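Engineer: Once you've had a glance at the structure underneath, I'll fire off some questions.
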Amino acid sequence: LDRVFNILHGGPGENGVLYTCKLNTVYDAAAGTVTMDAEPKLVKYRYTSAHNEEADSSGRWGMENSAVAWRNYLFFTDNAGIMQCVDLNTMELVYANNLDDDSDVSMVLEEDIPSQTFYLYTGCEYDELVRDLGATGPAYARKLDGLTGEILWTQEFTVSSNGSVDGGILASPVLGREGTTMEGLIIYNVTAAVKDNST
């Protein structure tokens, strides 16, 4: 526990900057306490892409979701749909994937220990300031390979957006617990879904 806490604290900001600092924590197991003496030095990671620059009238870079980490890798998705994996040891980009649209979803991480890999579950909304497709558009639920960023599956939902409230996936999914009837399932809440009444 002490080793995990003592490395870095990292957090994305809605200004499009990822900040990290060393916490210098000490875990006292007998007392059940954790103390820290954070260093004042912050390390910043900044980025840009053509997709970010073209989104909205003046570009979009901010991150509204909480980051998720696996070992030395930190993952987040931004307001233009760019999902990134950053190595916290070097503060360099490992990979990035364009997931199409604004995401407020804090990704869910599922570790596959026998395969020495892990998966990320995420989703996006339909924001007409990022993709102007009219009053309705697609939102996506996705599963990704955490080591590579490869999209393993996608489920599309048609949702509405009225300019002030975006439809789609706005909350983190729930992963079914192993050993229960929910094992193997992932649950997404979809807002403002448009039903197909043609059938």
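Engineer: Can you find, within segment 151-199, the residue that is nearest to E110 (Cα to Cα) among those that are surrounded by 14 or more Cβ atoms within 10 Å (Cβ to Cβ) and of a type in the set (F, W, Y)?
Structural biologist: Checked segment 151-199; the qualifying residue nearest to E110 (Cα to Cα) is Y188.
Engineer: Tell me which residues, restricted to segment 99-124, are open to solvent by 10 Å² or more (accessible area, probe 1.4 Å), in contact (Cβ under 8 Å) with a residue 40 or more places away in the chain and touching a strand residue (DSSP E or B) at 6+ places or on another chain (Cβ under 6 Å).
Structural biologist: Scanning segment 99-124 gives M107, V108, L109, E110, E111, Y121.
Engineer: State which residue is farthest from P138 (Cα to Cα) when the search covers only segment 161-186 and only residues that are over 22 Å from the mean Cα position of the chain (by Cα) and not aliphatic (A, V, I, L, M).
Structural biologist: The qualifying residue farthest from P138 (Cα to Cα) is G179.
Engineer: In segment 15-25, what residues are at negative phi, in a loop (DSSP other than H, G, I, E, B) and open to solvent by less than 50 Å² (accessible area, probe 1.4 Å)?
Structural biologist: V17, L23, T25
Engineer: Residues of segment 64-83 being in a loop (DSSP other than H, G, I, E, B) and open to solvent by 10 Å² or more (accessible area, probe 1.4 Å), which ones?
Structural biologist: Matches in segment 64-83: E64, S66, A67, R71, N72, N79.
Engineer: Taking only segment 84-98 into account, find how many residues are under 28 Å from L23 (Cα atoms) and either open to solvent by 10 Å² or more (accessible area, probe 1.4 Å) or part of a loop (DSSP other than H, G, I, E, B) (or both).
Structural biologist: 10
Engineer: Which one is farthest from Q116 (Cα to Cα), of the residues in segment 26-63 that are in contact with a helix residue (DSSP H, G or I) (Cβ under 8 Å, 6 or more places away or on another chain) and in a loop (DSSP other than H, G, I, E, B)? Walk me through how you get there before you give the answer.
Structural biologist: Keep residues of segment 26-63 that are in contact with a helix residue (DSSP H, G or I) (Cβ under 8 Å, 6 or more places away or on another chain), which gives 26-27, 34, 36, 59-61.
When the remaining residues are screened for being in a loop (DSSP other than H, G, I, E, B), the result is 36, 59-61.
On the way: M36: 32, G59: 38, R60: 35, W61: 32 Å.
That would be G59.
Engineer: Which is polar (S, T, N, Q), assigned to a strand (DSSP E or B) and under 15 Å from the mean Cα position of the chain (by Cα), of T148, T122, T158?
Structural biologist: T122
Engineer: Among the listed residues V190, V159, which satisfies the condition of being within 20 Å of A80 (Cβ to Cβ) and of a type outside the set (D, E)?
Structural biologist: Working: V190 fails: within 20 Å of A80 (Cβ to Cβ).
It is V159.
Engineer: Looking at (1) of a type outside the set (A, V, I, L, M); (2) touching a residue at least 40 places away in the same chain (Cβ under 8 Å); (3) touching a Phe, Trp or Tyr at 6+ places or on another chain (Cβ under 9 Å), which is the only condition T191 fails?
Structural biologist: (3)
Engineer: Do you know which residues across segment 131-145 are among the small types (G, A, S) and part of a loop (DSSP other than H, G, I, E, B)? Reasoning before the result, please.
Structural biologist: Within segment 131-145, the subset among the small types (G, A, S) is 134-135, 137, 139, 141.
Passing the criteria: G134, A135.
The values are calculated or read from the model by the stated rules, or taken from the named source; none is laboratory data. Because the structure is a prediction, the values reported are computed rather than measured. Please note: Cβ atoms are built from the backbone with ideal geometry, for glycine as well, and neighbour counts cover all protein chains shown. Surface areas here come from the heavy atoms of the whole protein model, side chains and all, with no ligands, DNA or RNA. Shrake-Rupley method; radii C 1.70, N 1.55, O 1.52, S 1.80 Å.
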